[in-house]
Amino acid sequence: MINHHPKFELIKSFVNGDLPASLSAGIAIHADMCAVCQQTISQLTEQVAEHSFEEVYLDRFIVDNESLETVAAIDFNHMINDIVESSDIDIALPAVEKTVSFNDKQYTIPAVLSSMKLGKSSHIGKLTRSRILLNENEIHSSLLHIQPGGGIPEHTHKGFELTVLLDGSFHDESGEYVKGDFIMLDGSHQHNPVSTNGCLCFTVANDALHFTQGINKLLNPIGSFIY
Amino acid sequence: MQTNLLSKETSAKSTNMSDKINHPQLCQWLDAIAQSRDKQAFTHLFNFFAPKILRIARGKFPNEAQANEVVQDTMSNVWRKAHLFNKDKGAATTWVYTVMRNVTFDMLRKIQGNKEDNLSDDIWPVAESMSCESKGFDDHLADKKLLSVIEALPQAQQDVIKGFYLREMSQEQLAIHLNLPLGTVKSRLRLALGKLKVQLGEKHD
Amino acid sequence: MNKTSVTLPIFPLPVFLLPDGVTKLRIFEPRYLKMVSLASSGQGFVIWLNDSSINTDDEDSIMQWGSWVDIINFDKGEDGVLEIEVKCKCLVSISSIVHDKDNLHFGDVSHIEHWSEVHIDKINGELSTSLATVFSENKGLNDLYPKKILNDSNWVLARWLEILPIELNVKNAFVVSYSFKEAKNFVESIILR
């Protein structure tokens, strides 16, 4: 059963469209597997939408009422004519399922990620990572595959690290995580996840990891490798 | 994909929040656009939403031209996608909000990262029915009698068929061809299928 | 269905094709390339209408059938993939499927009769003209049929069933359950005013 969900604050930003694409995708993937969050999201969207188109709420945005009205008066009729001139309609294309293979195993890519480009995959030990090329500067998103018995050396985070389990399971000091779990960690966390039977994760992190065990310091490049 | 189980409670609450918004009217306009490309209905809808969208956009984009672009793109998507709106799945305001938020999201991404990848419709689908209409393609041989001997189609093969050679008209194409509103075509299809089932029943009796 | 059966390669595809129907396919998997080479020197192959929406729970009314096709044209697409055009010569029922070492499947098939293989020189005015318009507006479709038999009401009806946007399980029923009469009523109630 899914035990880890995004915090309400995060869902709110998601609904408002304020999160970067990587985190938005993480929440959408989780919501696809989690009926509870899906319902929270649709109820919140309804409320936010209702609010947005109410007059009272809108007064907040008025910067310079008069100039706005002038602009509007000129542009709007033009715009309407422009728009209705087109007889195009957008046809909803059937969703095309995409798959990705890691170590000879095929996984279906969540629909949310289907138009995102994947970089080449790189391997180290039992880990395989494909970067998701979202171009979000210090925020890096990846598909991370862990072979059975593989794990990530103990580390903390300077920024945040999001893991959404797409398939399989892993565990760390605080317990077991399963498919659909949404695990958001920040700098105060320190963990050493291990996957007994292998798993595939969607990960988002905004900083290189900071390894805490002595020997792993030598392996520090692994941090930027994994996340 | 999305169930959007809007509880009665929420709907009631939001209705209280603003009795100024005439939801049935908004739905009717959207429907008129979907059914008959009704320009008058679109003008009404535009007059209701556009000034509000402009004000919201001015809050997010200091640049006037960009805010105008949000209005233009949102309303133009409303015009082109009205048939994807399903009033059973939620309010018209929710749907237009989704369209507006998606346009804004893609534009911000374009400005900040210079990326024109338009990811928003994947994150927040505007058409709930997309997955339903394509359900015939999922999981091809799931419960086939011959499953034991023939395995599922390779993905690439399916894509090719879907993309190019499934020589089938879409409902939209049929509507254009028959010069009828999409809604009429849909109900004709439904009626025709209903009649068929009756005929089959008679034969079996 | 007491005709002798033939063993033919089977290509499972979600494509509904009635006699005289033509479609284009892209072939790139090794086993299906092998199928094409067998088919072009032999007796063609069978497209097995394949889709999960076709209900197989009802064992009695279900029939495994396919479209027996000949390869009538081939070409290399821009991306180098083999493209073939196939034309359905008749419908067949499929039994006892086996597969070879390349995982290409073969089935014993025997001819089943269907109204769409009968040619009737009878004009069905509006369905024909409407279909002619569809062809003229869709180049891809138009190119598949250099010779359109628009004065044959069965041919016209079969093409309509192929291109109408209805689910494959319904199309399937026009082979396993419904006769010409039902098919005609169905298409007419959609197309005609």
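Where a number appears in this text, it was derived from the coordinates with a stated rule and is not lab data. These numbers come from a predicted model, not from an experiment. Every residue, glycine as well, gets a Cβ built from its backbone with ideal geometry; the counts of neighbours run over all protein chains shown.
Backbone geometry of region B:100-107 corresponds, through the Karplus equation with coefficients 6.51, -1.76 and 1.60 at θ = phi - 60°, to 3J(HN,Hα) couplings of 5, 4, 5, 4, 4, 4, 5, 6 Hz, x marking Gly and Pro. Within region C:92-193, the GluC sites (Glu not before Pro) that combine a DSSP coil assignment with at most 13 other C-beta atoms in a 10 angstrom radius are C:113. Helix C:30-41 and the longest principal axis of the C-alpha atoms of chain C enclose an angle of approximately 70°. For region A:197-206, backbone phi angles converted through the Karplus equation (6.51, -1.76, 1.60; θ = phi - 60°) give residue-by-residue couplings of 10, x, 6, 10, 10, 9, 10, 9, 9, 10 Hz, Gly and Pro being listed as x. Amide hydrogen proximity for residue A:109: with H placed 1.01 Å from N in the peptide plane, the residues at 5 or more positions away or on another chain lying under 5 Å are A:98, A:99, A:100.
Applying the Karplus relation 6.51 cos²θ - 1.76 cosθ + 1.60 with θ = phi - 60° to region A:2-7 yields 3J(HN,Hα) values of 6, 10, 10, 10, x, 5 Hz, where x marks Gly and Pro. Prolate is the label for region C:127-193, because a/c, from the alpha-carbon gyration tensor with a ≥ b ≥ c as root eigenvalues, is 1.5 or above and a/b exceeds b/c. The shape of region C:1-48 comes out oblate: with a ≥ b ≥ c from the C-alpha gyration tensor, a/c is at least 1.5 while a/b does not beat b/c.
Pairs exceeding 26 Å between alpha-carbon atoms, taken from C:87/C:139; C:147/C:171; C:148/C:184; B:195/C:87; A:120/C:76; C:89/C:184: B:195/C:87; A:120/C:76. Under 5 Å between amide hydrogens, built in the peptide plane, is the criterion, and for residue C:11 it picks out C:46, C:47, C:48 among residues at least 5 positions away or on other chains. Amide hydrogen proximity for residue C:89: with H placed 1.01 Å from N in the peptide plane, the residues at 5 or more positions away or on another chain lying under 5 Å are C:20, C:68, C:69, C:70. Both the radius of gyration and Dmax for chain C are 16.9, 54 Å, in that order, over alpha-carbon atoms.
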